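Engineer: Questions regarding the structure given below will be posed in turn.
The values are calculated or read from the model by the stated rules, or taken from the named source; none is laboratory data. Everything numeric here is computed off the predicted structure, so don't read it as measured data. Here Cβ is always computed from backbone atoms with ideal geometry, including for glycine, and neighbour counts include all displayed protein chains.
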Amino acid sequence: MDTRLRKTIAEEAAEYRPLLFRMALTQLKNAAAAEDATQETLLAAIEKAESFERRSTLRTWLFSILRFKILDIMRDQSKARRRDRELPIEPTADDDGGGTFDALFNDSGCWVDTKDVWTNPHTVAERDAFFKVLEVCMTRLPARTSRAFLMREWLELDPPEICRELGISQGNLRILLYRARMQLRLCLDVHWERD
C-alpha cells in the first residue's frame, strides 16, 4: 500500500469535507449523524485510495461513497424506530408554494427546448459547472422538498421508504418531487450558462 497515495487522497478529500457534511446533514437532519457519515466517507476514501482510478473526479467518487454511508445510517435509524415501535406517522402537507409549470411542457407533455446534457456532455469542466449550479439551486428549495428529491434521485430510495422516512403519503411525495423538478428546471434555465 502506497502511503504517499493515501496522503495525497487524504489531502485532496479534506477539501470536500464541508460539501460532504452539508449533503449528509440535508439528508440525515442530525449534525452528529452527518458528521459520522462524513468521517466514514473520508476514512473509506483513504483506506480505498488505491481503488480510485481517476476515471471520475475525486468529488464524484467521494459523493458516491457518501451516498452509501447515508443509506446505511438511514437504514439503521429505520430499524431503531421499528424496534421502538413508533406510532404510525400521519401524512402532512408540504408548506411550499406550488406555482404553475405548464409553460415548460408542450402539448404532448414533453419538455419544451430540452437540452441533451446527460447523453453527450462536452467536458468534465462543463459537468462540474452544472453540478455547482445545481447545488445552488437545491439550496433554494424548501427543506422537505429538497430532502424528498435527494432521497429519490440521489439516494435512489423507493417511494414507500421515502414516505415512511418523511411521514408523508405517496401522493404528497409525488407533489414534492414534481415541485422539486419544476423549480430546479426553472432555476437551471436561469442560472446555468450553456453554449
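Engineer: Just to be sure, is Ala125 farther than 21 Å from Pro18 by Cβ, modelled with pLDDT of 85 or more and not basic (Lys, Arg)? Walk me through how you get there before you give the answer.
Structural biologist: On the way: farther than 21 Å from Pro18 by Cβ: yes; modelled with pLDDT of 85 or more: no; not basic (Lys, Arg): yes.
Judged against the criteria, Ala125 is not a match.
Engineer: Yes or no: region 73-87 includes at least one residue that is among the acidic types (Asp, Glu) and at pLDDT 85 or above. It would help to see each step written out before you state the result.
Structural biologist: Of the residues in region 73-87, the ones among the acidic types (Asp, Glu) are 76, 84, 86.
Still in the list and also at pLDDT 85 or above: none.
No, that holds for no residue.
Engineer: Another question, then. Of all residues being free of Cβ contacts under 8 Å to residues at least 24 places away in the same chain and in a helix (DSSP H, G or I) in region 9-28, which is surrounded by the most Cβ atoms within 10 Å (Cβ to Cβ)? Just the residue, please. Talk me through it step by step, then tell me what you get.
Structural biologist: To start, the set of residues in region 9-28 that are free of Cβ contacts under 8 Å to residues at least 24 places away in the same chain comprises 11, 15, 18, 21-22, 25.
Next, only the ones that are in a helix (DSSP H, G or I) stay: 11, 18, 21-22, 25.
Numbers: Glu11: 9, Pro18: 10, Phe21: 18, Arg22: 15, Leu25: 16.
The qualifying residue surrounded by the most Cβ atoms within 10 Å (Cβ to Cβ) is Phe21.
Engineer: Check Arg147 against each of (1) more than 17 Å from Gln77 (Cβ to Cβ); (2) of a type in the set (Lys, Arg); (3) touching a residue at least 24 places away in the same chain (Cβ under 8 Å) and name the one condition it does not meet.
Structural biologist: Answer for Arg147: the failing condition is (1).
Engineer: Testing Arg55 on (1) more than 13 Å from the chain's Cα centre (by Cα); (2) surrounded by fewer than 18 Cβ atoms within 10 Å (Cβ to Cβ); (3) in a helix (DSSP H, G or I), one condition comes back false. Which one is that?
Structural biologist: Arg55 satisfies all of (1) more than 13 Å from the chain's Cα centre (by Cα); (2) surrounded by fewer than 18 Cβ atoms within 10 Å (Cβ to Cβ); (3) in a helix (DSSP H, G or I) except (3).
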